[in-house]
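All of the numbers you see were taken from the coordinates with simple rules; none came from a lab. What you see is a predicted model; the values in this text were computed from it and never measured. Using ideal geometry, Cβ is built from the backbone for each residue, glycine included, and neighbour counts are taken over all protein chains shown.
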Amino acid sequence: MAKQVINTGTVPDDGTGDSLRNAFVKANANFDELYGNWANNALTGISTTDLSVTTGSASGSGALTYNNSTGAFTFNPAVLPTTILDLGISDGSASQVLTTDGSGGFTFEDGAAIGLSSRTTKAATTSSIANDASTNLDITGAFKGYALLAIETDAAAWVRIYTDGSARSADASRTQNTDPAPDAGVIAEVITAGASVVKISPGTIGFSFEATPNTTIPCRVTNLSGAATTVEVTLTVIQLEA
């Protein structure tokens, strides 16, 4: 039915407009037309399918349907992209994503970077150094912040671990039997009699205190083996900072 316009005349009460009864007949007819179209899901400008949904970098279409009995719209997300939200946090092996289960539900997968971290080892080996000589050693690919659980060497050595390179340089002349100052930037130090593992008990917190924190752990190693040799240092650590 086309829209019925009520004739209001030219000026008030000039007798040229619709009577009150005819005016309300048209009004009722217009309302009936509007209500009927809504109830039958035929409103102009409303599409009941192919609703475009954009979530982050993913987009897709879902079905939007209308229930004539209840007057409710229902959106079916089963056809959304599997990954609808990627938090962009990763430890190099997994990231955190929000996914659909294909039945209208959602699942959060936290990968391996959120929650409790597993302990791991980080190692590096010095060049050949003379007996009683010292050298700097950087253990790379570690963490900006970490819990230190153990230090292992494959030869007798004095191993010192620092917060940053400046602390290591300032501590270079300290003798083996002298304790460092509390604020010297020494995370931990051990003296081994050979190939052995020293448990750090209780565990201690290590961290990078460079101007821009990084994942390199600065160390200094003194060879105590009795002969020139390389020394491998292995740290058992747990990541505490991304």
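What dipole magnitude, in Debye to the nearest 20, does segment 137-222 give about its Cα centre under +1 on Lys/Arg Cβ and -1 on Asp/Glu Cβ?
On the way: 6 positive and 9 negative charges, 11 e Å.
Taking the Cα centre of segment 137-222 as origin, the dipole is about 60 debye.
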Going residue by residue through segment 219-228, the Karplus relation 6.51 cos²θ - 1.76 cosθ + 1.60 with θ = phi - 60° gives ³J(HN,Hα) values, rounded to whole Hz and with x marking Gly or Pro, of 10, 9, 10, 10, 6, 10, 6, x, 8, 4
Calc'd 3J(HN,Hα), segment 134-147, phi into Karplus 6.51 cos²θ - 1.76 cosθ + 1.60 (θ = phi - 60°), Hz, glycine/Pro = x, comes to 10, 8, 7, 9, 10, 9, 9, x, 8, 9, 5, x, 7, 9
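Please list 166-174, 26-34, 10-18 highest first by mean number of surrounding beta-carbon atoms within 10 Å per residue.
Working: 166-174: 15.1, 26-34: 12.8, 10-18: 10.1.
Per-residue mean Cβ counts within 10 Å order the peptides as 166-174, 26-34, 10-18.
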For segment 171-183, Karplus-derived ³J(HN,Hα) couplings (6.51, -1.76, 1.60; θ = phi - 60°; whole Hz; x for glycine and proline) come out as 9, 4, 8, 5, 7, 4, 9, 10, 6, x, 5, x, 9
